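Asker: Right, I'll just put the structure down here and ask away after.
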Amino acid sequence: MAAIHSERLDLIPLTPDFLRAAAAGDTAQAGQMIGASIHADLTGSKDVFELRRRQIEDDARFQSWSLRAMVLRTGKTMIGHIGFHTLPGADYLKPYSSTGVEFGFTVFEPFRRNGYAREASLAMMNWAAQTHSIREFVLSIRPDNVASQRLAEQLGFVRVGSHIDDVDGLEEVLLLNQKQATRV
């Protein structure tokens, strides 16, 4: 599987072996697997890494949609991760989009407020649109996550509902239809 490239980032697919090492806190081994140094904040994503590893092992088709490391091309440093939550058209998304796909991202604290989440989000959505003709994207964001709410608004996402997440509590569900968006 090829990396997705943006202006400053390489979005490198994370294999089950990487996800296993990262979940175990072995940042040295995980870093070797992707050829990048890894910030200590990586260990805060253990549950996500385990979930995505199980999804890939259950259905190999999910690998290209799953998590990718956000790696700064200059300096070869993993600054966060981004990925789709499922394959497109998941049943739980039907009330909002019958063909869309949900994604999420994490930028590690020292690298925030530099436009990396925006850049990675655009690259992932463009990949899905160009490679798989996906035109609808979903984000679920806590109302108090002001930075992510602001980014979603700038990208053209609109609120279409809300739900209670088992981990994060109340989240707003936001939808972007690329056919109607002017900013993507």
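Asker: If you go through segment 121-141 one residue at a time, how many are hydroxyl-bearing (S, T, Y) and open to solvent by 40 Å² or more (accessible area, probe 1.4 Å)?
Answerer: 2
Asker: Against the conditions (1) closer than 16 Å to T86 by Cα; (2) open to solvent by 20 Å² or more (accessible area, probe 1.4 Å); (3) of a type in the set (D, E), where does D144 fall short? Just the number, please.
Answerer: So D144 meets the others, but not (1).
Asker: Now, a different point. Against the definition (under 17 Å from T131 (Cα atoms) and modelled with pLDDT of 95 or more), how does F105 come out, yes or no?
Answerer: no
Asker: Of the residues that make up segment 10-24, is at least one closer than 23 Å to E136 by Cα and β-branched (V, I, T)?
Answerer: Checking segment 10-24: at least one residue is closer than 23 Å to E136 by Cα and β-branched (V, I, T).
Asker: Could you look through segment 1-19, keep only residues that are in contact with a strand residue (DSSP E or B) (Cβ under 6 Å, 6 or more places away or on another chain) and of a type in the set (V, I, T), and pick out the one that is farthest from M70 (Cα to Cα)?
Answerer: Per the criteria, the residue is I4.
Asker: Could you list, in sequence order, the residues of segment 21-35 that are touching a helix residue (DSSP H, G or I) at 6+ places or on another chain (Cβ under 6 Å) and on the phi < 0 side of the Ramachandran plot? Before you say what the answer is, go through the steps one by one.
Answerer: Initially, segment 21-35 is screened for residues touching a helix residue (DSSP H, G or I) at 6+ places or on another chain (Cβ under 6 Å), giving 21-23, 25, 27, 29-30, 33.
Correct list: A21, A22, A23, T27, Q29, A30, M33.
Asker: Now for a different question. When only residues in segment 8-42 that are within 20 Å of P110 (Cβ to Cβ) and charged (D, E, K, R) count, which is most open to solvent (accessible area, probe 1.4 Å)?
Answerer: Among residues in segment 8-42 that are within 20 Å of P110 (Cβ to Cβ) and charged (D, E, K, R), the one most open to solvent (accessible area, probe 1.4 Å) is R8.
Asker: Moving on to the next point. Six or more apart or on different chains, Cβ atoms under 7 Å: show the pairs whose first residue is in segment 20-34 and more than 16 Å from L67 (Cβ to Cβ) and whose second is part of a helix (DSSP H, G or I).
Answerer: Cβ pairs passing all conditions: G25/T43; Q29/A21.
Asker: Would you be able to tell me the number of residues in segment 1-25 that are modelled with pLDDT of 95 or more, within 21 Å of Y116 (Cβ to Cβ), part of a loop (DSSP other than H, G, I, E, B) and of a type outside the set (D, E)?
Answerer: Total meeting the criteria: 4.
Asker: Of everything in segment 80-110, what is open to solvent by 40 Å² or more (accessible area, probe 1.4 Å) and among the aromatic types (F, W, Y)? Give them in sequence order.
Answerer: Those that are open to solvent by 40 Å² or more (accessible area, probe 1.4 Å) and among the aromatic types (F, W, Y): Y92, Y96, F105.
Asker: Taking G89 as the residue in question, decide whether it is at positive phi and without any contact (Cβ under 8 Å) to a residue 24 or more places away in the chain.
Answerer: When the stated conditions are applied, G89 passes them.
The values are calculated or read from the model by the stated rules, or taken from the named source; none is laboratory data. Model, not experiment: these values are computed from the prediction. Every residue, glycine as well, gets a Cβ built from its backbone with ideal geometry; the counts of neighbours run over all protein chains shown. Note: areas computed on protein heavy atoms with side chains; ligands, DNA, RNA excluded. Shrake-Rupley method; radii C 1.70, N 1.55, O 1.52, S 1.80 Å.
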